[in-house]
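Engineer: Let me begin by handing over the structure; questions about it come next.
Computed from the coordinates by the stated procedures, all read-outs in this text should not be read as laboratory data. Since this is a predicted model, take the numbers as computed values, not measurements. Note that we place each Cβ from the backbone using ideal geometry, even for glycine, and neighbour counts take in every protein chain shown.
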Amino acid sequence: MGSSAIFSFPRFLQFFFIFLALAQNPGLEGSHLSRIFDILDQEASPPSVQEAAARGVLARLLPSHLSSFDFKIVSKEKCGGKPCFMISNHPSLGGKGAPEILIGGISGVELSAGLHWYLKHLCMAHISWDKTGGVQLSSVPEPGFLPHVHSAGVLIQRPVPWNYYQNAVTSSYTSVWWDWERWEKEIDWMALQGINLPLAFTGQEAIWQKVFKMFNISSSDLNEFFGGPAFLAWSRMGNLHG
């Protein structure tokens, strides 16, 4: 299961319009905002898909421990009404080859963030970009010897609904020539860090192209108008000339 199961482009658009509405209507709250959250919950991928996506992150990060962790989507009510992840000792702990740690959360991102929290705080692991230390997992014990959590388990509630990532020029400065392998690595990192609102301009020019053609602007004119891949961010902001 690929990382794309954790994030979906339609959801990016929904989040964008939510923030736009909030910016234009500071008083938007109560039942209106609750309704938006309800719609987003309804649009979420099935639990089995999100659980499989979290297992995919684990398989790419720490394949030797794929059988050591189990993931389960839980309701927001079980989290006290807020986004959260929960970590507990697995009910089958002690059986040969059985999972040792159970991670619950309301989404695939929360499950992945819970995995990172466990590895960081109980196994002293470090998961970062390559230039800031990279992935350091040598401190993680072998399967069968993972640290237990206390009997009450761990509950971490998200203080805000969304964790935003990137800015308007990242797609041109940094990731313009990335292939899927590099993107998958970045998406895994985002999920492990609990990021659930990465900026995505992908496909914006295709929409503009369709609109402009409705006004009889030719493809050749549009090709001259749009910036190249490494300059799309600046052409979108209207600060290219020449």
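Engineer: What FRET efficiency, computed as 1/(1 + (r/R0)^6) with R0 = 35 Å and r the Cβ-Cβ distance, is obtained for residue 167 and residue 64, rounded to the nearest 0.05? Each step should come with its number before you reach the end.
Structural biologist: Numbers: r = 36 Å, r/R0 = 1.03.
The calculated FRET efficiency here is 0.45.
Engineer: With θ taken as phi - 60° and the coefficients 6.51, -1.76 and 1.60, list the Karplus ³J(HN,Hα) couplings across region 190-206 in order, rounded to whole Hz; mark glycine and proline as x.
Structural biologist: Listing the rounded values in order: 4, 4, 5, 8, x, 6, 10, 9, x, 5, 9, 8, 3, x, 4, 5, 5 Hz.
Engineer: Could you pull out every residue, at least 5 positions away or on a different chain, whose amide H is within less than 5 Å of the one on residue 165? Hs are placed 1.01 Å off N in the peptide plane, and Pro or chain starts have none.
Structural biologist: Here the answer is 197, 199, since their amide H atoms fall under 5 Å of that of residue 165.
Engineer: Checking the cross-link filter: which lysines have an alpha carbon closer than 21 Å to that of residue 120, excluding same-chain neighbours under 8 positions apart?
Structural biologist: 72, 131, 185
Engineer: Sticking with this structure for a sec: Note down the relative contact order for the chain as a percent, whole number, built from C-alpha pairs under 8 angstrom at least six residues apart.
Structural biologist: Normalised by residue count, the contact order of the chain is 18 percent.
Engineer: For the chain, taking Cα atoms only, what is the radius of gyration to one decimal and the Dmax to the nearest whole Å?
Structural biologist: Cα radius of gyration and Dmax of the chain are 21.0, 69 Å respectively.
Engineer: Further question on the same structure: So what's the gap between the Cα centers of region 123-189 and region 207-231, to the nearest angstrom?
Structural biologist: Result: 37 Å between the Cα centres.
Engineer: Assuming 0.36 nm per residue, please report the length gained on full extension of the stretch residue 44 to residue 216 beyond their Cα-Cα distance.
Structural biologist: Extra length available between residue 44 and residue 216 comes to 58.1 nm.
Engineer: Whole-Hz Karplus ³J(HN,Hα) for region 214-228, in order, using 6.51 cos²θ - 1.76 cosθ + 1.60 and θ = phi - 60°, x for Gly and Pro?
Structural biologist: 5, 9, 6, 8, 6, 5, 5, 5, 5, 4, 6, 7, 6, x, x
Engineer: What's the FRET efficiency of residue 93 with residue 121 using the Cβ-Cβ distance as r and R₀ = 22 Å, to the nearest 0.05? Write down the numbers at each step before the final one.
Structural biologist: Working: r = 19 Å, r/R0 = 0.85.
Here the calculated transfer efficiency is 0.75.
Engineer: Residue by residue, what Karplus-based ³J(HN,Hα) values in Hz, rounded to whole numbers, does region 233-240 have, using 6.51, -1.76 and 1.60 with θ = phi - 60° and x for Gly and Pro?
Structural biologist: 3J(HN,Hα) across region 233-240, in whole Hz: 4, 7, 5, 5, 8, x, 10, 10.
Engineer: Reachable aspartates and glutamates from residue 76, Cα under 12 Å, same-chain residues fewer than 8 places away excluded?
Structural biologist: 38, 41, 110
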